Amino acid sequence: MPDSLHSRAGYARLARELGGYFHPWQRELGGPDPELTFDVVLTSLLTPQTRVLEAGCGHGLDAARFGPDSAGWAAYDFVPEMLEQARKNAPHAQFFDWNGKPDVPDGMQVPFDLIVSRRGPTSAILHLNELAAPDARFLYVGPRLEVPQVPERLAAVNWAILSEWRVSVQAFAPTWEDWQTRGAFMGEPAHRADWDRCATAKGLPYREERYIVLAGRSG
């Protein structure tokens, strides 16, 4: 994948080639998908009265899966190709073309009781006080066990971490091409020498890691 993958053009390419926001490499997990923990926590927070805002919604899978269990599901993304698919996947939800920077889009009905971000932009944290109801919660899952900008940004807006989960499972990239693609996606170098030295019959072993945090207003 090109270096520009994490740009609007790169995400548009994922939408065209993979049909949405998916990891663009094949992998085999040696245990449960780490993001299942995020699913369980999200489900526990939803009620028929919960108004949800999703940051970086991609092609709308969470809106489709969880939106019907909420009072209303709004979401935003900055990739038109993703939003087009999201509106088809979750016609009950509201979608906005927004990059999370100042000026909340017209029609976005704040405040929200729950703001969620599944591997989405951490910049949403900087707008929590503008977007969130008094007793709101923020739920985030990211691709690494250590994501310093999340706790730092929460502290900057006077929100506190209420709970956090650090999940890691064994995974395998089955081919050298998959390992290269993963490296480009994660911003990590992929060295052929590592592949030649460490690859097994299943491929090259690595860890699939997730950092999940639930936050609320301090005080």
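The values are calculated or read from the model by the stated rules, or taken from the named source; none is laboratory data. Since the model is a prediction, treat every value here as computed from it, not as a measurement. Here Cβ is always computed from backbone atoms with ideal geometry, including for glycine, and neighbour counts include all displayed protein chains. Note: areas computed on protein heavy atoms with side chains; ligands, DNA, RNA excluded. Shrake-Rupley method; radii C 1.70, N 1.55, O 1.52, S 1.80 Å.
Here are a few things to note about the model shown:
- Solvent-accessible area per residue, Å², over the stretch 83-219 with all protein chains present [probe radius 1.4 Å]: 50
- Bridge type composition, the chain - antiparallel percent by DSSP, nearest 5: 55
- Amide H contacts of PHE78 (H built 1.01 Å from N, in plane; Pro and chain starts excluded): TRP98 sit under 5 Å, all sequence-distant by 5 or more or on other chains.
- Selected from VAL167, TRP179, VAL110, residue furthest toward positive end of dipole (the stretch 105-214; charges at beta carbon): TRP179
- Gyration tensor (alpha-carbon) shape descriptor, the stretch 55-176, a/c threshold 1.5: oblate
- Under 5 Å from the amide H of PHE112 lie the amide H atoms of ALA132, ALA133, each residue being 5 or more positions distant or on a separate chain, with H modelled from the backbone and absent for Pro and chain starts.
- For the chain, modelled as a GNM whose springs connect Cα atoms under 10 angstrom apart, the maximal fluctuation among PRO34, PRO205, PRO189 occurs at PRO189.
- With contacts taken as Cα pairs under 8 Å and at least 6 residues apart, the chain reaches a relative contact order of 23 percent.
- The structure-derived value of Cα extents along the principal axes in Å appears in the list (i) 54, 37, 29; (ii) 62, 34, 30; (iii) 69, 36, 36 under the label (i).
- Dipole magnitude of the stretch 76-219 about its Cα centre (Cβ charges: Lys, Arg +1; Asp, Glu -1), debye to nearest 20: 400
- Comparing TRP195, TRP73, TRP98 in a Gaussian network model of the chain (Cα springs below 10 Å), the most mobile by mean-square fluctuation is TRP195.
- Of all accessible heavy-atom area on the stretch 87-169, the percent that carbon and sulfur account for (1.4 Å): 48
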